[in-house]
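The values are calculated or read from the model by the stated rules, or taken from the named source; none is laboratory data. Values in this document were obtained by computation on a predicted structure and should not be read as measured data. Cβ sites come from the backbone with ideal geometry, for glycine too, and all protein chains shown count toward neighbours. We work out accessible area using only protein heavy atoms, side chains counted, and drop any ligands, DNA or RNA first. Shrake-Rupley method; radii C 1.70, N 1.55, O 1.52, S 1.80 Å.
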Amino acid sequence: MSGIETLIAVAETGSFTRAAATMGLTPSGVSRAVARLESRLGVRLFDRNARATSLTEAGRRLVADVTPLLAGIDEAASNAAGASTRVAGRLRVNCDPWFASLLLAPRLRSFLDAHPGLMLDLVARDTLGDLVSEGFDVAIRFGAPPPSGLITRKLLEARIVTCASPDYLARHGRPTHPRDLETGMHECLLFRDPATGRPFDWEFHRQGEILTVAVRGRLILNDVATGLAACLAGLGVAQPMMLGIDECLRSGALIDLFPDWSDEYFPLHAYHPSRHLPPAKVRAFLDFILADVAAPSATETGRSMPMPARPISPA
């Protein structure tokens, strides 16, 4: 097992030196353990150069196969020790930046207070990446799930709203119909789809009808918070998720332009790599997200998903 454990440590840390530090070994000891494993399997598991250490395709497959088995062994050992409900250790979470900053962080105190033995490693970024090779326990992402072997659960659906600032409307006039955004009289703030690299199309949904509008804009963004700041500054019309901006709408800092065309929703999903029952720390985190973050946040600004008895367990 030592070779497999060393493989996982190097995959999670991305470095033979860092893996050695976490395992209490020397870097040469880690290198020898990996070399013995590669020799036994007859494949190269890592590509190594002066700047980076990364898994080969064979290495990624092996990590994906053995991680659930190791998690199952850990879970069985915890159960045998009577600690199946103990939430402790490091929980590494890959999270959408918008959700992390506006919705998750303000509510984290109760979760951390409830689990003093847990260390939360929260990484906010706009891509899912490879959860296994990067050592993530769980991910929280907006958008349609990509094809993968990950276990996926929908947490909520966030309403899309089309809005602008009073200053912008004073200068450009208020559009009365989504088609008015095609006339050339309006500047729209375009948001880049991280999956395609192109700006998202603008759609308007009403009672099953979907209207696609060819908007124009000179500003393309890839960060939702920057887009919101630009909209508040009067740079153009935007289509953000209503989650996190409801106070701007209530105060009048932003104006909902087409309330009759706001039936479009953007899903938020949780992902984890194991097809077996996830560890107690992952289950506790997802219970918290569903009950304390997703459900309250969706009350006025979206639709929450029913909370299962065992959140995110395989179907």
Inset, instruction - Give a quick list of trypsin sites (Lys or Arg not before Pro) in region 126-232 that DSSP marks as loop, anything other than H, G, I, E or B, with at most 13 other Cβ atoms within 10 Å. - result: Arg218
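So how many Å³ per residue does the convex hull of the Cα atoms of region 147-288 work out to?
Spelled out: Cα convex hull of region 147-288, divided by residues, is 139 Å³.
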Inset, instruction - For region 114-222, take the alpha-carbon Rg, divide it by the Kirkwood Rh, and send me Rg/Rh. - result: 1.08
Inset, instruction - Before anything else, pin down the relative contact order of region 197-278: Cα pairs under 8 Å, at least 6 apart, normalised by residue count, whole percent. - result: 31
Legend entry - Accessible area per residue, Å², the chain with all protein chains present, probe 1.4 Å: 50
Inset, instruction - Springs between alpha-carbon atoms under 10 Å, Gaussian network over the chain: tell me which of Pro106, Pro145, Pro278 tops the mean-square fluctuations. - result: Pro106
Inset, instruction - Rank Ala158, Pro145, Leu122 by how far each Cα sits towards the positive end of the charge dipole of region 107-159 (+1 on Lys, Arg Cβ; -1 on Asp, Glu Cβ) and give me just the farthest. - result: Ala158
Legend entry - Fluctuation leader among Ser54, Ser28, Ser133 - the chain, Gaussian network, Cα springs under 10 angstrom: Ser28
Inset, instruction - In debye, nearest 20, what is the charge dipole magnitude of the chain about its Cα centre with +1 on Lys and Arg Cβ and -1 on Asp and Glu Cβ, if you could check? - result: 980
Inset, instruction - Give the carbon-plus-sulfur fraction of the accessible surface of region 97-207 in %, rounded to a whole number; probe 1.4 Å, heavy atoms of protein chains only. - result: 52
Legend entry - Separation between Cα centres of region 12-51 and region 195-255, rounded to whole Å: 46
Legend entry - For the chain, built as a Gaussian network whose Cα springs stay under 10 Å, the top-fluctuating residue of Gly24, Gly252, Gly217: Gly24
Inset, instruction - Using +1 at the Cβ of each Lys and Arg and -1 at the Cβ of each Asp and Glu in the chain, identify which of Gly135, Ser110, Val293 lies farthest towards the dipole's positive end. - result: Gly135
Inset, instruction - Taking the convex hull of the Cα atoms, report for the chain its projected area averaged over all directions, in nm². - result: 19.2
Inset, instruction - Could you rank Ile220, Ile245 by how accessible they are, 1.4 Å probe, largest area first? - result: Ile220, Ile245
Inset, instruction - Can you send over the solvent-accessible area of Ser39, 1.4 Å probe, protein chains only, in Å² to the nearest 10? - result: 90
Inset, instruction - Take the alpha-carbon positions of region 92-157, form their convex hull, and give its projected area averaged over all directions (one quarter of the hull surface) in nm². - result: 5.0
